[in-house]
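K.L.:
I have a structure I would like to understand better, so I am pasting it below and will then ask my questions one at a time.
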Amino acid sequence: MIYFISDTHFYHFNILKLNPQARKFGFERITVEALEKTLKEGDTLYHLGDFTWQLYDEFGVLERWKELPARKVLIMGNHDERFGSSVLREFFDEVYEFSLLLEESGRKFLLSHYPALDLKTNRFPDRQERVEKEFFQSGCDFLVHGHVHYNNGGPMCGCGSKGIPCFNVNVELHNFRPVSLEELLFAGCEGKL
């Protein structure tokens, strides 16, 4: 099976202050346990960026990550840039610096850390424009992204206003568990996830 996850932010303790409604102490353990329960040999997990804040494995989370049975693919986010792709290959089978086109179940998915329009902060406008351009040039059906965090019930992104059906797979929005391709397809074109 194919799964997606983003914004695990392992060991990013400041995120507890930034997103207190969504993150509690120990979120790393909860995330890894959900992955251990879900992933099987032969599965593929696409991590859409912002993997970890540090490489010092204080609680053993990164070591448990390495032991996950699935093939792990990273599409780097803004927090991953500090390590670079060569360092991150210790934790992933494949690493992509910006995006990846996935063709599955008769549909084309653009995988990127960034949405085509971030309504919450509008940080990285050049990257958002690049996502929009790649989406349409590649003839994609859906954009799967992360980056935009819990927004207290407000809109997460404005991709729909650009004619881009999208799914935000940030762990905060999915009880710190991965989202399956089937869940994305079931949600359909309205981007309900």
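Values in this text are rule-based calculations from the coordinates and carry no lab data. Just so you know, these numbers come straight off a predicted model, no measurement behind them. When we count neighbours, we look across all protein chains shown, and the Cβ atoms used for this are built from the backbone with ideal geometry, even at glycine.
K.L.:
Which loop GluC sites (Glu not before Pro) in region 65-101, with loop taken from DSSP, have no more than 16 other Cβ atoms within 10 angstrom of their Cβ?
P.N.:
Values: sites: Glu67, Glu81, Glu90, Glu94, Glu97; in loops: Glu67, Glu81, Glu90, Glu97.
Filter output for region 65-101: Glu67, Glu81, Glu90, Glu97.
K.L.:
Tell me, rounded to the nearest percent, the portion of alpha carbon pairs in region 37-193 spaced more than 26 Å apart.
P.N.:
Values: 2854 of 12246 pairs.
When all Cα pairs of region 37-193 are counted, 23 percent exceed 26 Å.
K.L.:
Run the numbers for Glu183 and Gln54: contour at 0.36 nm per residue of separation, minus the present Cα-Cα distance, in nm.
P.N.:
Working: separation 129, 0.36 × 129 = 46.44 nm, distance 3.08 nm.
Extra length from Glu183 to Gln54 when fully extended: 43.4 nm.
K.L.:
At R0 = 25 Å, how high is the FRET efficiency between Glu94 and Phe25 if r is their beta carbon distance? Nearest 0.05 is fine. The partial results should precede the final answer.
P.N.:
Working: r = 32 Å, r/R0 = 1.26.
Rounded to the nearest 0.05, the efficiency is 0.20.
K.L.:
Loop only per DSSP, at most 15 neighbouring Cβ atoms within 10 Å: give me the trypsin sites (Lys or Arg not before Pro) in region 60-95, ordered by residue number. Spell out each step's value before the answer.
P.N.:
Values: sites: Arg64, Lys66, Arg71, Lys72, Arg82, Arg89; in loops: Arg82, Arg89.
For trypsin sites (Lys or Arg not before Pro) across region 60-95 that sit outside H, G, I, E and B with at most 15 neighbouring Cβ atoms in 10 Å, the list reads Arg82, Arg89.
K.L.:
Moving to a separate point now. Please give, to one decimal in nm, the separation of the simple spin-label points placed at Lys40 and Gln137, each 7 Å out from Cα toward the Cβ.
P.N.:
Distance between label points: 3.9 nm.
K.L.:
Go ahead and set up a Gaussian network model of the chain, Cα springs under 10 Å, then flag whichever of Gly84, Gly158, Gly146 fluctuates most.
P.N.:
Among Gly84, Gly158, Gly146, the largest GNM mean-square fluctuation belongs to Gly84.
K.L.:
Can you spot the aspartates and glutamates whose alpha carbon is less than 12 Å from Lys72's alpha carbon? Ignore those fewer than 8 places along the same chain.
P.N.:
Straight-distance partners of Lys72: Glu41, Asp43, Glu90, Asp93, Glu94.
K.L.:
What list of whole percents do you get for P(r) of region 1-114, with Cα-Cα distances grouped in 5 Å bins up to the one holding the largest distance?
P.N.:
Over region 1-114, the share of Cα pairs per 5 Å bin runs 2, 11, 22, 25, 21, 13, 4, 2, 0 percent.
K.L.:
Output the 0 to 90 degree angle, nearest 10, between the alpha-carbon long axis of helix 125-137 and the longest principal axis computed from the alpha carbons of the chain.
P.N.:
Once rounded, one gets 60 degrees.
K.L.:
So, one more: Between helix 27-38 and the chain, what is the angle of the helix's C-alpha long axis to the longest principal axis, kept within 0 to 90° and rounded to the nearest 10?
P.N.:
80
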